[in-house]
Amino acid sequence: MANDPGGPLQLYRSNRRALLPLDDRFQVPRSLRRVLNSGRFQLHLNRSFAEVLAGCADRPSTWISDELAAIYRQLHADGVAHSVEAWDEQGLAGGLLAIGIGSCWIGESMFHRRPHASNVVLVELARALRRGGFSLFDVQLTNPHLQRFGCYEVEDNHYQQLLIAARSRPATLKLQEACLRCEAWMPG
């Protein structure tokens with residue numbers, strides 16, 4: 001990531017990694033259930049990747065530099081980077097930028113333009129990942145917001161084992177009308 005929009009990219013590695021559970025430990029906050037049941041948002045996959053990338057970078061202080069955005073665009077062209085989007089009658093309401101490799105889904109960033117949009121994306125995405133055979137939903141860093149959904153941390157050595165297993169097993173993300181096959185990847 002970049003420490004400032006014009007700065008060089010730097011690689012960071014955490015001693016602990018934050019994960020969202022893809023089992024019964026995943027929690028849907030009670031306050032969000034009504035919004036989920038309302039059908040207010042329609043979810044789409046990769047409909048507007050560039051707009052989601054721009055939305056995730058549009059902050060007073062962002063780690064997504066122009067150079068990193070170009071890398072994400074190339075990863076998207078290569079079928080590795082994806083956007084999961086919430087749409088309503090006004091257009092794109094929020095979204096999530098992610099990397100999908102094998103049965104590993106790495107949430108890179110989220111944004112919203114309307115209340116609850118990114119939360120609906122998070123809940124419906126977790127459900128779709130679970131149905132599609134994904135074994136790892138990496139959200140990188142925890143915070144009180146993600147803890148509401150059951151986010152937990154693992155030590156780096158345990159994370160590395162989970163990652164090796166997940167990247168070698170393909171999975172399929174089915175999100176409403178879209179279907180995405182994430183192929184296994186092994187370093188060559």
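The values are calculated or read from the model by the stated rules, or taken from the named source; none is laboratory data. Everything quoted here is computed from the prediction, not taken from an experiment. Please note: Cβ atoms are built from the backbone with ideal geometry, for glycine as well, and neighbour counts cover all protein chains shown.
Key figures
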item	result
Single condition residue 93 does not satisfy, out of (1) within 28 Å of residue 155 (Cβ to Cβ); (2) modelled with pLDDT of 95 or more	(1)
Only listed residue being more than 25 Å from residue 58 (Cβ to Cβ) and of a type in the set (D, E, K, R), chosen from 148, 131	131
The range 133-174 - residue that is in a strand (DSSP E or B) and crowded, with 19+ Cβ neighbours inside 10 Å and, of those, modelled with the lowest pLDDT	173
Boolean, residue 35 is under 15 Å from residue 117 (Cα atoms), part of a helix (DSSP H, G or I), touching a Ser or Thr at 6+ places or on another chain (Cβ under 9 Å) and β-branched (Val, Ile, Thr)	no
Qualifying positions in the range 36-66 - at pLDDT below 85, surrounded by fewer than 19 Cβ atoms within 10 Å (Cβ to Cβ) and over 15 Å from residue 111 (Cα atoms)	36, 37, 38, 39, 66
Out of 114, 40, 33, sole residue that is basic (Lys, Arg), farther than 30 Å from residue 168 by Cα and free of Cβ contacts under 8 Å to residues at least 24 places away in the same chain	33
Pairs where the first residue, in the range 47-62, is in a loop (DSSP other than H, G, I, E, B) and the second is among the β-branched types (Val, Ile, Thr), C-beta under 8 Å, 6+ apart	none
Qualifying positions in the range 80-97 - among the aliphatic types (A, V, I, L, M) and free of Cβ contacts under 8 Å to residues at least 24 places away in the same chain	80
Scope the range 16-32; condition assigned to a loop (DSSP other than H, G, I, E, B) and of a type outside the set (Val, Ile, Thr); matching residues	21, 22, 23, 24, 25, 26, 27, 29
